[in-house]
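Inspection log for the structure reproduced underneath, given as structure tokens.
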Amino acid sequence: MARAEANTKKETKPAIYKNYIGGEWVKPASGEFFDNINPANTDDVIGRFPASNEEDVNRAVEAAKTAATRWRRTPAPKRAEILFRLAQILERNKDAYTRDMTREMGKVTKEAGGDVQEAIDCTYYTAGEGRRLHGFTTPAEMPNKFAMCVRQPVGICGLITPFNFPMAIPSWKLIPALVCGNTVVLKSGEDVPLSSLNLVKACEEAGIPAGVVNLVNGHGAEVGSPLVNHRDVRLISFTGSTDTGRIIAEQCASQNKIVSLEMGGKNAIIVMDDADLDNAVEGSLWGAFGTSGQRCTASSRLVVHKKVYKKFVEKLVEKVKQLKVGNGLDAKTEVGPVINQAAMEKILSYIEIGQKEDKATLACGGNRLTKGDYAKGYFIEPTVFTDVAPKMRVGQEEIFGPVTSVIPFSTLDEAIDIVNDVKYGLSSAIYTQDVNQSFYAMQELYTGICYVNSATIGAEVHLPFGGTKGTGNGHREAGTQVLDIFSEWKSLYIDYSGKLQKAQIDAVEI
Ligand code: UN1
């Protein structure tokens, strides 16, 4: 049995973690646990987490249901007070959460710190909405009648989050859900359960009432699917792959649930011939290899003007070769491992496709690193393909790893067509010194986020986050726009005329 094996493998037994349901830390119904493994060193078992199933989901939804009325009726500014306390707790524990995150997810410490900071920022910012949650008033068409519109919570929300932003993304969903007055069941990415657990523990410490936040750990089929299909869950907010998102959307459609999807990307940076090339190279490095390329916003295409193509590639490849790959806990590391064996195999298969099927030029990288300290982790060399044609698979499909493709172009319109001609539309960028070109690009690039003279990554929490086409289903997270996911509008009419007035029918004397 996996459990017995894990216990004999190491001298110190890994900690056992539980689900959080109805304000209690409880074992999963199955009694089974799974290992949370460090992707930089697979001997390092961070802990054993509940392998939950439908029974746990049912209990968690029941708890969320029991807590719903009281939480909904708690005034929003009071809900927000607790969330401000939560932000302070997150801030206080930032270093510990950061270390936990690097250990379970692999991203380098600086970036993990940024991830926790994003959760802190999101919590402070969104808690502020507790004193706003603006609705509006508007004139009624009949005399002595008042019309206004307010937000109301939607009910029980199922939150399904990925591995790549282990605390930021859960916070993007959890905090707005709570400030709007909903209760939630969170299923975190199975590769990064500790960061969500840290977040939920902080919720407990902040004084969020029992049952308002519930955490059920486990795998997609056993936990995600029963959550999506539970009749009392009104809303599903999902970040993850486009394939899984599509299945969730279909299931939600047949049950008439609200669903918000944040899925893949194939983001591109355009480098014009007048760009500050060194700045463009720095941006490309960061955009393509930050988080080992495991960002929905990763710069996985670099679309470069033919006039500067050769020079840009030379500078880029030189820098990429110098990137220090390693364990994210080592301060010198610039690129950490990828998340797990399956991800590594998928990325390596794309590197093979790039060479064999696409026949692109492998300018650097391309291999798994296996020697010395690398042997126990999932490390891949930062990889650059050049001479990529826009329609090649490495130029079209999301790789989600440390691989980027350089594509040459001749005119800005051509570059814009290349950027737009993929099934996704999350983020784009352009490097140019020309204000006309940059504004034209901002207008024509059909993505949810667009940067000028910066990489495709680095979205801030007070602006809406999300994408067009295959990236999403029209919703936006973050900003105040996220409130439109987690609340529904209620229009209120108050007739104080003392008589029946029929809108659209009765004539109004002027
Ligand atoms: C993601 O890649 O799923 O804009 C989220 C960024 C981060 C969030 C990325 N703030 O890169």
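The values are calculated or read from the model by the stated rules, or taken from the named source; none is laboratory data. In this text the structure is predicted, and so the values were computed from the model without any measurement. Every residue, glycine among them, receives a Cβ derived from its backbone with ideal geometry; neighbour counts consider all protein chains shown. In case anyone asks, the SASA skips ligands and DNA or RNA and just uses the protein heavy atoms, side chains included. Shrake-Rupley method; radii C 1.70, N 1.55, O 1.52, S 1.80 Å.
Here are a few things to note about the model shown:
- Here the label points at L362 and R246, each 7 Å from Cα along the C-beta direction, are separated by 3.0 nm in the simple model.
- Largest to smallest principal axis extent of the C-alpha atoms in the stretch 260-331, angstrom: 38, 37, 14
- Rounded to 5, the percent of DSSP beta bridges in the chain classed as antiparallel: 45 percent
- Taking one quarter of the surface of the C-alpha convex hull of the stretch 347-426 gives a mean projected area of 5.9 nm².
- As computed over the stretch 73-115, the Cα convex hull volume per residue (Å³): 77 Å³
- Rounded to the nearest 500, the helix-only mean residue ellipticity at 222 nm of the chain stands at -12000 deg cm²/dmol, with each DSSP H run of n ≥ 4 adding -39,500 (n - 2.57).
- For the stretch 76-192: rounded, prolate or oblate by the Cα gyration tensor [a/c cutoff 1.5]: prolate
- Near the amide H of S428, within less than 5 Å, lie the amide hydrogens of I449, C450, Y451, all on another chain or at least 5 residues away, with H placed in the peptide plane.
- Taking only protein heavy atoms and a 1.4 Å probe, the accessible area of the stretch 268-452 is 50% carbon and sulfur.
- Paramagnetic reach from Q433 (point 7 Å along Cα→Cβ, amide N under 12 Å) across the stretch 251-277: 273-277
- Report note on the peptides 268-277, 155-164: ranked by the mean count of other C-beta atoms within 10 Å, highest first, their order is 155-164, 268-277.
- When only the Cβ of Lys, Arg, Asp and Glu is charged (+1, +1, -1, -1), the dipole of the chain relative to its Cα centre reaches about 980 debye.
- Sorted into 5 angstrom bins from 0, the C-alpha pair distances of the stretch 468-510 split as 5, 14, 14, 15, 8, 7, 9, 13, 10, 5, 1 percent.
- Alpha carbon centroid spacing (whole Å) that separates the stretch 246-313 from the stretch 106-166: 25 Å
- Accessible-area composition of the stretch 58-194, carbon plus sulfur, in percent [1.4 Å probe]: 51 percent
- Histogram of C-alpha separations across the chain, 10 Å bin width, %: 4, 19, 27, 24, 16, 7, 2, 1, 0
- Note that the stretch 368-373 has calculated 3J(HN,Hα) couplings of 6, 9, 10, 7, x, 5 Hz, one per residue in order, obtained from phi through the Karplus relation 6.51 cos²θ - 1.76 cosθ + 1.60 (θ = phi - 60°); glycine and proline are x.
- Förster radius 22 Å - calculated FRET efficiency between K490 and N144, Cβ distance, rounded to 0.05: 0.55
- Most to least packed among 28-35, 72-79, 300-307, 172-179 [average Cβ atoms within 10 Å]: 172-179, 300-307, 28-35, 72-79
- Spin-label model, D421 to A210: label points 7 Å out along the Cα-to-beta-carbon direction sit 6.1 nm apart.
- Built from the Cα atoms of the stretch 366-497, the convex hull projects on average onto 13.7 nm², one quarter of its surface area.
- Computed as a quarter of the hull surface, the mean projected area of the alpha carbon convex hull for the stretch 386-434 stands at 4.0 nm².
- Along its first, second and third principal axes, ordered by size, the stretch 308-373 spans 36, 27, 18 Å in Cα coordinates.
- Judged by the ratio a/c of the largest to the smallest principal axis of the C-alpha gyration tensor, the stretch 39-108 counts as oblate, that ratio being 1.5 or greater while a/b is no larger than b/c.
- Nearest-0.05 FRET efficiency for A331 and D273, computed from C-beta distance (R0 41 Å): 0.65
- When its C-alpha radius of gyration is set against 2.2 N^0.38 Å (N residues), the stretch 268-452 gives a value of 0.99.
- Whole-number accessible area per residue in Å² for the chain, which is evaluated in the context of all protein chains at 1.4 Å: 42 Å²
- Cross-link pairs K27/K257; K319/K391; K65/K257 - those with Cα-Cα distance over 18 Å: K27/K257; K319/K391
- Ordering of 374-385, 398-409 by burial proxy (mean other Cβ atoms within 10 Å per residue, highest first): 398-409, 374-385
- Cα centroids of the stretch 480-495 and the stretch 50-79: 22 Å apart.
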